[in-house]
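The block underneath contains the structure these notes are about, expressed in structure tokens.
The values are calculated or read from the model by the stated rules, or taken from the named source; none is laboratory data. Everything numeric here is computed off the predicted structure, so don't read it as measured data. Cβ coordinates were reconstructed from backbone atoms using ideal geometry, including for glycine residues, and neighbour counts include every protein chain displayed.
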Amino acid sequence: MESIIFFVLAFFLLSGAIMIVFCKESIYSAIGFLMVMVAMAGMFALLHHSFLFLAQILVGVGAVVVLSIMIILSINLKDENQPQQNIMPSKIALTTLMVAPIVGLLLYAVIKADFTFAPIAPNFGTIEAMGKELFTHWVLPFEIVSILLLGAMVGAIVLSHRRLDVKS
Amino acid sequence: MIWDLYLVMPLALIFIGALFLMLFSLVQKVELANYNLVTVAFLTLSLIIELIIFQNVEHDYLFETIFAKMFIVDKLSTLFNILFLSGAILTLLINNNYFKSRDYYNGEFFALLLFSIFGMMMLAHTNELITAFISIELASITLYVLVGYNHHSLKSSEAMLKYIILGSLAGVFFILGVALVYGVVGSTYLGDIYTYLAHHQNDEMTLLIVGMMFMMVTLLFKIGAAPFHSWVVDVYIGSPFPVTMFMATTLKIAIFSILLRLFLVDFAPIYPIISEIIKAVAILTLLIGSLLAISQTQLKGMLAASSIVHVGYMLIALYAISLGSSFAASAIIFYLISYFLSAVGAFGILSFLASDEEKRHLSFDDFKGFAHERPYMAAAMTIFMLSLAGFPSTIGFLGKFYIFMSAIEAGEILLAGFGIMIAFISIYYYFKLIALMYFYPSANPKKKFPFSISTLLIVAMALMIVWGGIGTGLIPFIAGADGLLTIASEALKTIGK
């Protein structure tokens with residue numbers, strides 16, 4: 001049963017990812033992004049990690065995807081305003097050829113590696129366990145992330161406050 | 001505990017400085033020069049504390065009961081912090097005139113710069129891969145904004161967008177690599193990865209090696225090595241001068257701090273696998289960088305492209321480390337310092353000219369007869385160009401000398417010869433500027449030497465470069481630049497396994 005759900009989720013994840021890259025209309029790409037995010041949340045749920053599942057739904061779907069869809073709708077993209085780009089089969093073939101060895105190596109390595117994990121604790125994935133983990137073992141990265149967010153916020157405000165007035 | 005608090009002071013000061021400037025920038029009446037002064041004051045205070053720490057620290061985990069072994073303080077991290085801080089101070093002071101001449105700078109610029117330096121310092125201190133990733137992102141996210149700071153120029157915005165998209169794509173590889181490493185080792189501490197690698201056979205840990213290669217992709221991208229170099233020229237040309245200087249020098253030093261730590265501690269058991277890759281990357285970087293540098297018509301573009309070549313030289317030394325050269329790691333640190341002095345000086349002259357004159361000095365042709373117009377500036381520029389080309393009697397020569405020495409020590413005479421050939425090619429594009437400055441008549445009358453912080457610093461840096469080159473061999477009783485090499489190797493000894 002679990003593996004069936006896994007493959008269904010994986011199917012949605014991959015097809016969403018392909019949609020993001022190949023759709024010509026950016027709104028369809030955003031829908032693909034939504035699919036990826038929801039399927040990812042499903043993956044976390046499958047791993048019994050309820051905190052990450054909630055966070056993914058709240059932040060990933062609720063904030064990131066909705067925001068990107070809103071932006072796409074509000075800037076009113078028209079076909080004639082979009083840059084002319086033709087997807088050239090030769091370029092795709094060349095890129096695939098270049099990436100194929102890396103994918104092959106990765107596949108080979110993943111299949112060959114024997115993953116032995118410690119048995120998970122009974123309260124694994126709950127908000128309580130996650131909070132304890134964050135504030136005991138990972139307190140340094142956690143604190144630096146808050147500084148990172150502060151810096152990114154200042155940057156975002158600076159960028160949005162400026163007006164682009166190009167001098168000729 | 002008190003000692004730990006003392007060790008964390010420099011970082012805390014930088015963060016407090018960033019917060020202070022962030023809040024302070026709301027005040028409308030403050031002049032821009034004052035922001036610059038406040039930033040430099042915070043940086044200087046932090047630098048002084050770091051200098052004292054450097055004398056007294058050996059190898060220490062900071063707040064071990066709270067942070068476990070994530071926060072490492074040793075001589076190497078302190079040395080790198082000193083380099084970042086002095087780099088930032090020099091960059092800010094040399095651009096003092098430039099900040100005043102442009103209307104788009106404000107307090108937030110300096111706050112973002114301090115955030116970026118905080119990320120770099122954290123990167124030098126980290127002993128754990130997730131912290132390293134967050135620090136790299138902190139250092140680069142703020143830089144993305146700084147690159148696009150000039151809102152009068154579409155080029156600046158274009159450069160920002162390019163850098164954001166490519167930079168975050170490259171950053172993803174690091175976290176993917178960390179995930180793979182964690183999957184195999186079960187820990188993200190550098191020491192644990194070393195222990196795992198040392199006790200397992202190569203064919204058991206293919207996934208681990210693949211993960212480490214992914215991490216290398218990000219680091220090579222950030223220093224601008226080929227084949228991840230395509231962003232360098234566009235972004236460097238598009239960004240404002242202070243940011244270009246900061247990216248070309250200080251960011252590179254920061255990435256090398258984690259690269260050296262990874263390379264010396266973790267990668268040691270898999271040198272046979274990784275060394276061939278580094279060699280190929282080094283040769284590619286040298287060749288492609290030279291080709292790019294020759295074809296540039298803008299001076300900023302030439303300096304940007306030649307920074308790729310300089311990364312190539314340092315990768316030669318990185319390759320020499322993997323072959324067992326004891327002296328290559330300190331050669332890299334020395335080269336970083338020598339490149340820093342020469343590049344910041346050269347960019348500094350360009351930014352000074354951009355602030356002092358209506359006419360923009362952008363292309364090579366604008367420098368025709370420059371020596372007759374501003375003889376002192378031209379002399380300083382000549383010294384910087386000679387140092388970048390690796391001409392004897394400058395610090396750049398010593399840097400290249402140590403790099404090629406380490407390659408020869410590792411038995412790679414052909415690679416050293418190749419590097420020397422690339423250095424000869426680089427003479428073409430550096431000496432072109434010198435020839436243009438001196439061998440053409442000037443259209444404008446001679447100008448007086450303008451005394452200001454920027455110009456005085458430029459002259460001081462030119463003198464430092466010459467001192468670094470000749471002070472070593474000829475004057476026996478004065479401390480020379482090879483003292484830096486001793487300091488570097490002393491710092492490298494404290495790195496723990």
* Unique residue being within 23 Å of B:T142 (Cβ to Cβ) and of a type in the set (V, I, T) when the list is A:I111, A:I147 -> A:I147
* Might you check whether a residue that is within 24 Å of B:L260 (Cβ to Cβ), within 11 Å of chain A (Cβ to nearest Cβ) and either surrounded by fewer than 22 Cβ atoms within 10 Å (Cβ to Cβ) or touching a Gly at 6+ places or on another chain (Cβ under 7 Å) (or both) occurs anywhere in the stretch B:223-232? => yes
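Any chance you could count how many residues in the stretch B:89-131 are among the β-branched types (V, I, T) and either out of contact with any Phe, Trp or Tyr (no Cβ under 9 Å at 6 or more places or on another chain) or at the interface with chain A (Cβ under 10 Å from one of its Cβ atoms) (or both)? Don't jump to the end; show me each part of the working.
The initial filter retains those residues of the stretch B:89-131 that are among the β-branched types (V, I, T), namely B:89, B:91, B:94, B:117, B:126, B:130-131.
Subsequent filtering for residues that are either out of contact with any Phe, Trp or Tyr (no Cβ under 9 Å at 6 or more places or on another chain) or at the interface with chain A (Cβ under 10 Å from one of its Cβ atoms) (or both) retains B:89, B:126, B:130-131.
Residues in the stretch B:89-131 being among the β-branched types (V, I, T) and either out of contact with any Phe, Trp or Tyr (no Cβ under 9 Å at 6 or more places or on another chain) or at the interface with chain A (Cβ under 10 Å from one of its Cβ atoms) (or both): 4 in total.
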* Can you tell me which residues in the stretch B:42-73 are without any contact (Cβ under 8 Å) to a residue 24 or more places away in the chain and either within 25 Å of the chain's Cα centre (by Cα) or under 30 Å from B:E108 (Cα atoms) (or both)? -> B:I48, B:I52, B:Q55
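If you go through the stretch B:338-365 one residue at a time, how many are over 30 Å from B:I420 (Cβ atoms) and touching a residue at least 60 places away in the same chain (Cβ under 8 Å)?
Going residue by residue through the stretch B:338-365, those that are over 30 Å from B:I420 (Cβ atoms) are B:351-362, B:365.
So of that shortlist, the ones also touching a residue at least 60 places away in the same chain (Cβ under 8 Å) come out as B:351-352, B:354-356, B:361-362, B:365.
Summing the residues that are over 30 Å from B:I420 (Cβ atoms) and touching a residue at least 60 places away in the same chain (Cβ under 8 Å) in the stretch B:338-365 gives 8.
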* Asked: From A:L106, A:L67, which residue is away from chain B (no Cβ under 13 Å), within 22 Å of the chain's Cα centre (by Cα) and surrounded by 10 or more Cβ atoms within 10 Å (Cβ to Cβ)?
  -> A:L67
* When residues of the stretch B:14-56 are filtered for being within 14 Å of chain A (Cβ to nearest Cβ), in contact with a Phe, Trp or Tyr (Cβ under 8 Å, 6 or more places away or on another chain) and aliphatic (A, V, I, L, M), how many remain? -> 4
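Determine which member of the set B:P476, B:P445 is more than 25 Å from the chain's Cα centre (by Cα) and either at pLDDT 85 or above or under 30 Å from B:N56 (Cα atoms) (or both).
Details: B:P445 fails: either at pLDDT 85 or above or under 30 Å from B:N56 (Cα atoms) (or both).
Going through B:P476, B:P445 in turn, just one is more than 25 Å from the chain's Cα centre (by Cα) and either at pLDDT 85 or above or under 30 Å from B:N56 (Cα atoms) (or both): B:P476.
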* **Hits in the stretch B:101-135 - residues which are over 24 Å from B:V57 (Cα atoms), touching a helix residue (DSSP H, G or I) at 6+ places or on another chain (Cβ under 6 Å) and in contact (Cβ under 8 Å) with a residue 24 or more places away in the chain** => B:S101, B:Y105, B:G107, B:E108, B:F110, B:A111, B:L112, B:L114, B:F115, B:S116, B:I130, B:F133
* **Qualifying residues in the stretch B:197-212 (those that are away from chain A (no Cβ under 12 Å) and without any contact (Cβ under 8 Å) to a residue 24 or more places away in the chain) - the one surrounded by the fewest Cβ atoms within 10 Å (Cβ to Cβ)** => B:Q201
* Structure fact -> How many residues of the stretch B:331-357 are surrounded by fewer than 23 Cβ atoms within 10 Å (Cβ to Cβ) and among the small types (G, A, S)? The answer is 2
* Give, as residue ranges, the helices (runs of 4 or more DSSP H) completely inside the stretch B:43-158 that count at least 3 residues that are among the aliphatic types (A, V, I, L, M) and more than 17 Å from B:F246 (Cβ to Cβ). => B:129-147
* Of all residues in the stretch A:116-163 being small (G, A, S) and more than 9 Å from every other protein chain (Cβ to nearest Cβ), which is nearest to B:M205 (Cα to Cα)? -> A:A121
* Asked: Considering the stretch B:183-196 alone, what residues qualify as being in contact (Cβ under 8 Å) with a residue 40 or more places away in the chain and either away from chain A (no Cβ under 12 Å) or in a helix (DSSP H, G or I) (or both)?
  -> B:L190, B:G191, B:I193, B:Y194
* Asked: Which is under 16 Å from B:L350 (Cα atoms) and buried (at least 17 other Cβ atoms within 10 Å of the Cβ), of B:S454, B:S426?
  -> B:S454
* Looking at this structure, is A:I144 without any contact (Cβ under 8 Å) to a residue 60 or more places away in the chain, touching a Ser or Thr at 6+ places or on another chain (Cβ under 7 Å) and surrounded by 10 or more Cβ atoms within 10 Å (Cβ to Cβ)? -> yes
